[in-house]
Amino acid sequence: MASMKRTETVQDERTDARLDEGDHDRFAHYVEKSKLTEALINGSPVIALCGKVWVPSRDPERFPICPECKRLFDLGPEGRRREWEERLRDARSGGGSP
Ligand SMILES: [Zn+2]
């Protein structure tokens, strides 16, 4: 039984990425809201849209938005998925970069 859900307008909670003031690189990264909440409770690391992994802190500071996160966020869920698939493919096939 293959049930495939296709939605044109995306109203999914998981796409509701929130901006978190990550202290890595002095950039604010986009993280999934649910993941962020979980991380704040458990103290577990989160993964930003750009792939940055860190443990978020509660006290917010003002940092410029991570350009890579911004770019991926603007792509939307579909664009991001495509981007990540390409990245995975590159990581697999690309043995040695020039
Ligand atoms: Zn980022």
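A short reminder: the numbers here are calculations on the coordinates, not readings from a lab. Source: prediction; values computed, not measured. Because the Cβ atoms are built from the backbone with ideal geometry, glycine has one as well, and the counts that use them run over all protein chains shown.
Taking amide H positions as placed in the peptide plane 1.01 Å from N, state which residues far from GLU32 in sequence (5 or more) or on other chains have amide H under 5 Å from it. Correct list: ARG18. Note on VAL31, VAL46: ascending count of other Cβ atoms within 10 Å places them as VAL46, VAL31, the fewest first.
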